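**Student:** Below is a structure I'd like to ask you about.
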Amino acid sequence: LIMKDNSLRLVSPEQALKELGLNEHQLRFTCRVQLQDPHSDTDTLSRVYTHLKSVLKGYTIQHLPDGTVMVESIVVKVTASSEDPNTKVLLLSWSYQDEELGSFLSTLLRKGLPTGL
Amino acid sequence: VEEPPELLAPKPLLSGAVPLEPFLATLNKHGITEVKVEDTADGHILHLQAEDTLIQLDEDGTHIVCDNNEPLRATLRDLVLRFLQKL
C-alpha cells in the first residue's frame, strides 16, 4: 500500500520499491549437501522427489524434465561427486523470501534418504 | 526440524547494497579473516578460504554458496542483512 499525491493505492511490493526509487536486493543461498547414494544421478533425483513428496504435504513439488526438482521456488539438483560414485552432491538454491523452507530442506536432506524408496 | 514450516506469508523484500570494505571488516570481527577478493564486472566475489564458501556481492544481489553448514550460513545471512533494508 503506498500513498502518493494524496491518494492510496495498492501495488505489488516490487512496484512499490520502484516508485519509491529503491532498488531490490536479491539475497540467494546455494548449499551443497552430500548424500551417500549409489544410484545414478537421475535415480537419486527421483528418490529425492519421492521423499520430499511424502514429507511436504500441501507444497507444490515438481520434477522438471531439465533434471531439477522444484519445491515452491527452491531448486534441487544432483551432481555426482568426482571422487566417489557412491557420493552425490545435492545443490539446493533458494532466495531469502523462502528462507524457512530452504533451511528446512537442507537440514532434511542432510539426514539422507529413507531406505526402501 | 521434523515438521516442515507452515506456508507463511513471504518475507519482506530487501533493498540497498552490501559495501565491500565494511562487509569485510564485519567478517573479520566474526573471525573470518582469510578472504580472497576478486573483482567482477558487477561487483566482487569473496572466497572465504578456511570455510570453503563463496559470497558474490553485486549491486543488486548477494549470493552465498556454501557447504551444508547451517550455523555458518545463518551467520553469513545475518551479517549480510545488517547492510540491507527490509521493506
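**Student:** Of all DSSP beta bridges located in the protein assembly as shown, what percent are antiparallel, nearest 5?
**Tutor:** Working: 44 of 51 bridges.
Just about 85 percent of them are antiparallel.
**Student:** Using a probe radius of 1.4 Å on protein heavy atoms only, what is the accessible area buried between chains B and A, both sides summed, to the nearest 100 Å²? Before the final figure, lay out each step's value.
**Tutor:** Numbers: alone 6490 and 7850 Å², together 11130 Å².
Summing both chains' loss of accessible area gives about 3200 Å².
**Student:** Looking at the protein assembly as shown from every direction and averaging, what is the projected area of its Cα convex hull in nm²? Each step should come with its number before you reach the end.
**Tutor:** Details: hull surface 56.0 nm².
Seen from a random direction, the Cα hull of the protein assembly as shown projects 14.0 nm² on average.
**Student:** Further question: Over the Cα atoms of chain B, compute the convex hull volume and normalise it per residue, giving Å³. Display every interim value, and only then the final one.
**Tutor:** On the way: hull volume 9.4 nm³, N = 87.
That works out to 108 Å³ per residue.
**Student:** Could you point to the residue in A:Gln15, A:His25, A:Thr42 farthest towards the positive end of chain A's charge dipole, with +1 and -1 charges on the Cβ of Lys/Arg and Asp/Glu respectively?
**Tutor:** Selected residue: A:Thr42.
**Student:** Translational D (Stokes-Einstein, µm²/s) of chain A at 37 °C and 0.692 mPa s when Rh comes from the Kirkwood sum over C-alpha pairs?
**Tutor:** Estimated diffusion coefficient is 202 µm²/s.
**Student:** Roughly what angle does helix B:70-81 make with the longest principal axis of chain B, taking Cα atoms, 0 to 90 degrees, to the nearest 10?
**Tutor:** The angle comes out near 80 degrees.
**Student:** Using the Karplus curve 6.51 cos²θ - 1.76 cosθ + 1.60 with θ = phi - 60°, what ³J(HN,Hα) values do you get for each residue of region B:43-52, in whole Hz, with x for Gly and Pro?
**Tutor:** Listing the rounded values in order: x, 9, 10, 9, 9, 7, 5, 5, 9, 6 Hz.
**Student:** How far apart, in nm, are the 7 Å Cα→Cβ label points at A:Thr79 and B:Lys86?
**Tutor:** It works out to 3.2 nm between the two label points.
**Student:** Principal axis extents for region B:46-87, Cα atoms only, whole Å, descending order, please.
**Tutor:** Answer, in whole Å and largest first: 31, 20, 13 Å.
**Student:** Name the chymotrypsin sites (Phe, Trp or Tyr not before Pro) in region A:58-117 that are in a loop by DSSP and that have at most 12 other C-beta atoms within 10 Å, would you? Before the final figure, lay out each step's value.
**Tutor:** Values: sites: A:Tyr59, A:Trp94, A:Tyr96, A:Phe104; in loops: A:Tyr59.
In loop regions of region A:58-117 (DSSP not H, G, I, E or B), there are no sparsely surrounded chymotrypsin sites (Phe, Trp or Tyr not before Pro).
**Student:** I would also like to ask the following. Please give every one of the lysines within straight-line cross-link reach of A:Lys57, meaning a C-alpha to C-alpha distance under 20 Å, and leave out same-chain neighbours fewer than 8 residues apart.
**Tutor:** A:Lys111
**Student:** Of the heavy-atom accessible surface of region B:10-84 (probe 1.4 angstrom), what whole percent is carbon and sulfur?
**Tutor:** Values: 1810 of 3690 Å².
Whole-percent figure for carbon plus sulfur exposure: 49.
**Student:** Still on this model: Across the residues of A:95-107, average count of Cβ atoms on other protein chains within 10 Å? Mind showing how you got there, number by number?
**Tutor:** Working: counts 5, 11, 5, 4, 6, 6, 5, 2, 6, 5, 3, 6, 4.
Taking the mean over all residues of the peptide, I get 5.
**Student:** Using only Cα atoms, tell me the angle between helix B:20-29 and the longest principal axis of chain B; keep it within 0 to 90° and round to the nearest 10.
**Tutor:** 80 degrees
**Student:** To the nearest µm²/s, what D does Stokes-Einstein give for region A:1-51 at 20 °C and 1.002 mPa s, using the Kirkwood radius over alpha carbon pairs as Rh? List each step's numbers first, then the result.
**Tutor:** On the way: Rh = 15.4 Å.
It comes out at roughly 139 µm²/s.
**Student:** Per residue of B:54-67, how many C-beta atoms from partner chains lie within 10 Å of its own C-beta, taken as a mean?
**Tutor:** On the way: counts 1, 0, 2, 0, 2, 2, 4, 7, 6, 7, 5, 7, 5, 5.
Mean inter-chain Cβ contacts per residue within 10 Å come to 4.
**Student:** Can you return the lysines within cross-link range of B:Lys86? Criterion is Cα-Cα under 24 Å, with same-chain partners fewer than 8 residues away left out.
**Tutor:** A:Lys4, A:Lys18, B:Lys11, B:Lys29
**Student:** So if R0 is 30 Å, what FRET efficiency would A:Val11 and A:Thr68 give, r being the distance between their Cβ atoms, rounded to the nearest 0.05? Display every interim value, and only then the final one.
**Tutor:** Working: r = 32 Å, r/R0 = 1.06.
Computed FRET efficiency for A:Val11 and A:Thr68: 0.40.
**Student:** Please identify the GluC sites (Glu not before Pro) of region A:1-85 that satisfy two criteria: DSSP loop assignment and at most 11 other Cβ atoms within 10 Å. Which are they? Write down the numbers at each step before the final one.
**Tutor:** Values: sites: A:Glu14, A:Glu19, A:Glu24, A:Glu72, A:Glu83; in loops: A:Glu72, A:Glu83.
Listed in order of number, the matching sites are A:Glu83.
**Student:** Roughly what angle does helix A:99-110 make with the longest principal axis of chain A, taking Cα atoms, 0 to 90 degrees, to the nearest 10?
**Tutor:** 0 degrees
The values are calculated or read from the model by the stated rules, or taken from the named source; none is laboratory data. Since we're looking at a predicted model, the values are computed, not measured. Methodologically, a virtual Cβ is constructed for each residue, glycine included, from the backbone with ideal geometry; neighbour enumeration extends over all protein chains shown. When the accessible area is computed, the model is the full protein with side chains, heavy atoms only, and any ligands, DNA or RNA have been set aside. Shrake-Rupley method; radii C 1.70, N 1.55, O 1.52, S 1.80 Å.
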